[in-house]
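Accompanying notes for the structure given below.
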Amino acid sequence: MSSKNKSFMADLVSSVEPAADQPDRPTRLGVGVLGGRNNRLADLASGAVVNNPQELVDPARCRIWDRHNRDYAALNEERCGDLIESILAQGKQEVPAIVRRIQSDDHDFEIICGARRHWAVSWLRAHNHPEIRYLVEIRNLTDEQAFRIADLENRAREDLSDLERARDYLKALGLYYDNSQKQMAKRLNQSEAWLSRYLDLARLPDDLVQAFPDPFDLKISHITSLKPILKPEDMRAKVLAEARRIHAARTAGEGAVPLNAPEMIRALVAAAGAAGENRKKAKPAHAPKRSGSGETVVHSAAGAPLLRVDAKDRRGVTVTLFHKGGGSRAEAEAALRDLLANHWAD
């Protein structure tokens, strides 16, 4: 018997019945073949190690999850150029995509994260590199787990636009979180204010989004400029009319149109400003009435109470909003704007 085999047998025997003359001798089973296997199984059972198998597969056997956060149809050679160059330089895809197995005649896997990698590998295989295969990591995931994993992987990626991420959040809000922003923000480990800005971006009217030279250039930072000009009805109408005009002119190739997102926002804000000037010139439909107790009540043109200024001191004013008084939301917003104009110094 070779010395290597003798050592192995000695370890095996010592694990069952330690030698009497060497009671304190440490066993080598922990570093032997069987010991290493046992330790690995123990780690897997305890959750200390996660064993997610990886495979190299034909990308044609994988389909994009229908709730994936990337617009796969918008991918092209330009948007995937850096990834294509990286795969060519390495000769392979380095970072695996995350997939789960599915029961389908046409596909074996559903892609949770890695749509861009899938597009790049598919493009390379169709352009003289059939040897390159799609590297995937296979996991068992619920839809909500898949959403959170995809979000975590793509949150720091610059190649995923704010608009794509925002639309994904809005869809997930109803699918997984019962339309509770608080619950969703907690699961994502983010603030409600942070999530709210993305949801506002996703809720922008289609006419406005389509008017941008590249809708994927829209950022959550633009919400601070766009949201205020879409709330007053007269401003909203002017802004959307201008957005449709710009979109039509760009489509027809006629006239000068904004060339980027900042120029587009300036054009829309200018349209809203014109509506604001017209509102300032218009007289209120019904003047506020002061009651005997010194309270000021503002009514709609039809006489419905909209709001009441109950008190005024050095710190501010107290306002009661009659949201069930019979007036419209637009009338209440106009009354609040007038109140700000009277009590808030520029």
Those residues of region 153-182 which are surrounded by 12 or more Cβ atoms within 10 Å (Cβ to Cβ) and among the aliphatic types (A, V, I, L, M), in sequence order: LEU160, LEU163, ALA166, LEU170, ALA172, LEU173, LEU175
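Of all residues in region 131-152, how many are in a helix (DSSP H, G or I) and either open to solvent by 50 Å² or more (accessible area, probe 1.4 Å) or over 28 Å from GLN210 (Cα atoms) (or both)? If you could, list the steps in order and put the result at the bottom.
Taking region 131-152 as the starting set, the residues that turn out to be in a helix (DSSP H, G or I) are 143-152.
If we keep only those that are either open to solvent by 50 Å² or more (accessible area, probe 1.4 Å) or over 28 Å from GLN210 (Cα atoms) (or both) too, we end up with 143-146, 148-149, 152.
Residues flagged as in a helix (DSSP H, G or I) and either open to solvent by 50 Å² or more (accessible area, probe 1.4 Å) or over 28 Å from GLN210 (Cα atoms) (or both) within region 131-152 amount to 7.
Across region 218-233, which residue is farthest from LEU336 (Cα to Cα) among those that are open to solvent by 70 Å² or more (accessible area, probe 1.4 Å) and either at pLDDT 90 or above or not in a loop (DSSP other than H, G, I, E, B) (or both)?
Keep residues of region 218-233 that are open to solvent by 70 Å² or more (accessible area, probe 1.4 Å), which gives 219, 224, 227-228, 231, 233.
Next, only the ones that are either at pLDDT 90 or above or not in a loop (DSSP other than H, G, I, E, B) (or both) stay: 219, 224, 227-228, 233.
On the way: LYS219: 29, THR224: 20, LYS227: 17, PRO228: 14, GLU233: 14 Å.
That would be LYS219.
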Filtered residues of region 84-118 (kept if at pLDDT below 95, under 23 Å from the mean Cα position of the chain (by Cα) and part of a helix (DSSP H, G or I)): ALA115, ARG116
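Quick check on my filter: what residues within region 119-130 are open to solvent by 30 Å² or more (accessible area, probe 1.4 Å) and either assigned to a helix (DSSP H, G or I) or touching a residue at least 40 places away in the same chain (Cβ under 8 Å) (or both)? Quick ask: steps written out before the conclusion?
Filtering region 119-130 for residues open to solvent by 30 Å² or more (accessible area, probe 1.4 Å) gives 119, 122-123, 125-130.
TRP119, SER122, TRP123, ARG125, ALA126, HIS129, listed by residue number.
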Among residues of region 50-90, those that are out of contact with any Lys or Arg (no Cβ under 9 Å at 6 or more places or on another chain), among the small types (Gly, Ala, Ser) and either surrounded by 13 or more Cβ atoms within 10 Å (Cβ to Cβ) or in contact (Cβ under 8 Å) with a residue 12 or more places away in the chain (or both), counted: 2
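The values are calculated or read from the model by the stated rules, or taken from the named source; none is laboratory data. Predicted, not measured: the structure shown is a model, and the values here were computed from it. So basically every Cβ, Gly included, is an ideal-geometry build from the backbone, and we count neighbours across all protein chains shown. Remember, those area values only see protein heavy atoms, side chains included, never the ligands or the DNA or RNA. Shrake-Rupley method; radii C 1.70, N 1.55, O 1.52, S 1.80 Å.
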